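Quick notes on the structure that follows.
The values are calculated or read from the model by the stated rules, or taken from the named source; none is laboratory data. From a predicted model like this one, the values you see are computed outputs, not experimental measurements. Glycine gets a Cβ as well: all are built from the backbone with ideal geometry, and neighbour counts include every protein chain shown. Only protein heavy atoms, including side chains, enter the accessible area calculation; ligands, DNA and RNA are left aside. Shrake-Rupley method; radii C 1.70, N 1.55, O 1.52, S 1.80 Å.
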Amino acid sequence: MTPAHPQDRPDQDATAPAPRPPRPRWPAAVAAGVAGAVTVTLLNEGVRRVLPHAPRMDVIGERALSGTLRAAGAEPPRGRDLYRATLAADLLSNALYYSLVAVGQTGGHWARGAALGLAAGVGAVALPEPLGLGRQPGARSPRTPALTATWYLAGGLAAAAAAGALARKS
């Protein structure tokens, strides 16, 4: 039977310092989430300016934000203000979502990043119409849905890369 008190154990040095508590992992999780969110946003915003039939998740986001604010009894912004508010909301919500890549056992970040990215991509393709947000403007199958899913997968993998780099650093 093991003694209940450390001082009663002959193999324990009573003068040894107590082990340090683990460092909080939430800063790394937030940083990984931001990396994923910025990746998705840069892909969406950059490619839509040069590629016909590129994903237009910005428009879906504007519809979602406007509908949510109206349902809450608030008047949604219009024009450029709506675009900016949607961009900020997308960055925040995607950063929180992709921060989940850094949660869990060390070393599983690539699998979590791929799974979260694919789940977000499939959701972004399949859910707007059933949620009453309509179709993406100018969408063409199969290119637009494939690119949409790819953007979110890239976000998950960017979050995984950041989580892995931060885990090695600490």
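Spacing of the modelled spin labels on Leu51 and Leu118, each 7 Å from Cα toward Cβ, amounts to 2.0 nm.
A Förster radius of 35 Å combined with the Cβ-Cβ distance from Arg84 to Arg168 puts the calculated FRET efficiency at roughly 0.45.
Shape class for the chain, computed from the alpha carbon gyration tensor (a ≥ b ≥ c): prolate, with a/c not under 1.5 and a/b above b/c.
For segment 89-170, what does the alpha-carbon gyration tensor say about shape, rounded, prolate or oblate, given a ≥ b ≥ c as the root eigenvalues, a/c under 1.5 as rounded, and a/b over b/c as prolate? Here segment 89-170 falls in the prolate category. Helical runs (DSSP H, four residues minimum) scored at -39500 (n - 2.57) apiece and divided by the length of the chain put the mean residue ellipticity at 222 nm at -20500 deg cm²/dmol.
Couplings 3J(HN,Hα) for segment 69-78, derived from phi with the Karplus relation 6.51 cos²θ - 1.76 cosθ + 1.60 (θ = phi - 60°), are 5, 4, 5, 8, x, 9, 8, x, x, 10 Hz, where x marks Gly and Pro. The heavy atoms of Tyr97 present about 70 square angstrom of accessible area, all protein chains included, probe 1.4 Å. For the pair Leu42 and Leu91, label points projected 7 Å from Cα toward Cβ lie 1.3 nm apart.
Heavy atoms of the protein chains alone define the surface here; on that basis the chain has 62 Å² accessible area per residue at 1.4 Å probe size.
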